[in-house]
Amino acid sequence: MSYVQGDTIVAIATPPGEGGVGIVRLSGPQALRIGQRLCGQKPSSPPWPARQAQFRRFYSPDGLRIDHGITLYFPAPHSYTGEDVVELQGHGSPLALAALLQASGKHGARAARPGEFTERAFLNGRMDLAQAEAVADLIHARSEAQARAAAASLEGVFSKAVAVIHGQLLQLLALVEAGLDFSEEDLGAAHDIAIHEGLIALQQQLLQLLQQAGQGARLARGGRVIIAGRPNVGKSSLMNALAQRDAAIVTPVPGTTRDVLREEILLDGLPIELIDTAGLRESADLVEAEGIARARQILHSAQLILLVADAQAGWQQDDQIILDELPSIPKLLVWNKLDLVANPPEAPADASACAISALKGQGMNSLRAQIMAQMGMDHNGCAFSARERHVEALARAGDKVAEAVCLQKAAGHPELLAQSLREAAHALAQVTGKIDVEDLLGEIFSRFCIGK
Ligand code: GDP
Ligand code: ZN
């Protein structure tokens, strides 16, 4: 892999604010020289030893002492970016770090753009694109499950799975192409069977990977659940029970809840936005048409609606009216106040139902499991993190392999079959960024933080 011959970039790698340690990181051909200047050394000084912590003083260009700390030098290509990298680890003082940054600029470094260190790591072949994206996902993880999944992708779990399927695809393509110069009779049935079996195996593996990637992407993106129902059936109480804290206000007077509209909870590490429709209606009244459109959009973007009804009161006409008004996304009827009745009542014919007591906690585990199932998450957790972009690419690859299966059944178009497989391979290669991703890079790396 060739190195990006470019400028030397610099950034504060530690988070803003005061802290125990603050790190300034340089990457590029001048990293060592600039690092040495920052430590008051002459341009002719010998290079620092590789990967060795050394205590040094840091100076401004006019010789004023800024700080002291540890320096580390990672010569190319064995560094995060694949270029020469120097780290100055000083005190976590925003002023000292800003002074170091400024001094680096005077010595010829340029301030790094968001994600530029990782972009260079990708361009220099230190990691593939899915791994680079996992770096950002790990940094931005909001739950332990998200962080674990991102760490797995960063390690290459996802990339390896893609590479295995990509390799099999290419083998199969070679087999198909080998047959292009021969007639069906020359090749015999064995050739056909080998291709058929290869295609079916590929299809299954792609489907499995697509499911896993779908879960990984869902885990990163989070879900949205709407809570609907008549006043006083226990919507706010259910929100509290799911959130496991008393954020929403519960009042015993019908129709007077002025509760929190949205609540972000973690369900097995999956961030879920809970939205109480009572609140939606209120906000819709306040800001009229635009509010209503927004409320509708929020309703439609949910993966699940929990329609809460009172188990003691049974199914009421008003429940039916609310049910009829709800958009056609998956719904679960939740009989609440199970603690007040011996058995949950009959549900209206076409609804799946469960019974809980938001107050006493009965049935809550089963409800949580049903919500997770509706989100497409299995309870073993996510194997790795992924993004919508990856899911789409895998789906495209799956479509192309399905196309190849059809073409093979129809027989007589080996060149079209080969073309489908080539396109499938192309889609897979986009996941790891082997081809055709130039247009994506700006978009992907601009969402990183500066210094990474
Ligand atoms: P909302 O108007 O639908 O948001 O209903 P709330 O959550 O404000 O609850 C209305 C009333 O029902 C309150 O007095 C709650 O304490 C009570 N309630 C909610 N859930 C349960 C439950 O599971 N069992 C019992 N017994 N009362 C409940
Ligand atoms: Zn409420």
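Some points to look at:
- With a requirement of 2 or more residues that are at positive phi and over 29 Å from the mean Cα position of the chain (by Cα), none of the strands (runs of 3 or more DSSP E) lying completely within the stretch 1-69 satisfies it.
- Taken over the stretch 79-97, the criterion of being open to solvent by 20 Å² or more (accessible area, probe 1.4 Å) and touching a residue at least 12 places away in the same chain (Cβ under 8 Å) is satisfied by TYR80, ASP84, GLU87, GLN89, HIS91, SER93, PRO94.
- Among the conditions (1) under 21 Å from the mean Cα position of the chain (by Cα); (2) farther than 19 Å from HIS379 by Cβ; (3) at pLDDT below 95, the only one that ARG218 does not satisfy is (2).
- Among the residues of the stretch 61-100, just one is in contact with a Ser or Thr (Cβ under 8 Å, 6 or more places away or on another chain), among the charged types (D, E, K, R) and farther than 21 Å from GLY28 by Cβ, namely ASP67.
Each row is one residue, and each column tells you yes or no for (1) of a type in the set (S, T, N, Q); (2) crowded, with 20+ Cβ neighbours inside 10 Å; (3) closer than 26 Å to ILE444 by Cα.
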position: ARG387; (1), (2), (3): no, yes, yes
position: GLU403; (1), (2), (3): no, no, no
position: GLY412; (1), (2), (3): no, no, no
position: LEU421; (1), (2), (3): no, yes, no
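- For the stretch 233-264, filtering for residues that are more than 10 Å from ligand 1 (Cβ to nearest atom), of a type in the set (A, V, I, L, M) and at pLDDT below 90 leaves 4.
- Residues of the stretch 314-363 classified as in a helix (DSSP H, G or I), out of contact with any strand residue (DSSP E or B) (no Cβ under 7 Å at 6 or more places or on another chain) and over 18 Å from ILE275 (Cα atoms), total: 7
- ARG230 being closer than 30 Å to LEU138 by Cα and at pLDDT 90 or above: no
- Residue in the stretch 331-357 that is farthest from ILE298 (Cα to Cα), counting only those that are at pLDDT 95 or above and either loosely packed, with under 13 Cβ neighbours inside 10 Å or within 16 Å of ligand 2 (Cβ to nearest atom) (or both): LYS337
- Residue within the stretch 367-384 that is open to solvent by less than 20 Å² (accessible area, probe 1.4 Å) and farther than 22 Å from MET239 by Cβ present: yes
- Residue among LEU199, LEU154, LEU123 that alone is open to solvent by 10 Å² or more (accessible area, probe 1.4 Å), among the aliphatic types (A, V, I, L, M) and touching a residue at least 60 places away in the same chain (Cβ under 8 Å): LEU123
- Pairing residues of the stretch 43-58 that are among the polar types (S, T, N, Q) with residues that are open to solvent by less than 50 Å² (accessible area, probe 1.4 Å), at Cβ distances under 7 Å and at least 6 apart in sequence or on separate chains, gives SER45/GLN36; GLN54/TRP48; GLN54/THR71.
The values are calculated or read from the model by the stated rules, or taken from the named source; none is laboratory data. Just so it is clear, the structure is predicted and the values come from calculations on it, not from any experiment. Cβ sites come from the backbone with ideal geometry, for glycine too, and all protein chains shown count toward neighbours. Surface accessibility is based on the protein's heavy atoms, side chains included, excluding ligands, DNA and RNA. Shrake-Rupley method; radii C 1.70, N 1.55, O 1.52, S 1.80 Å.
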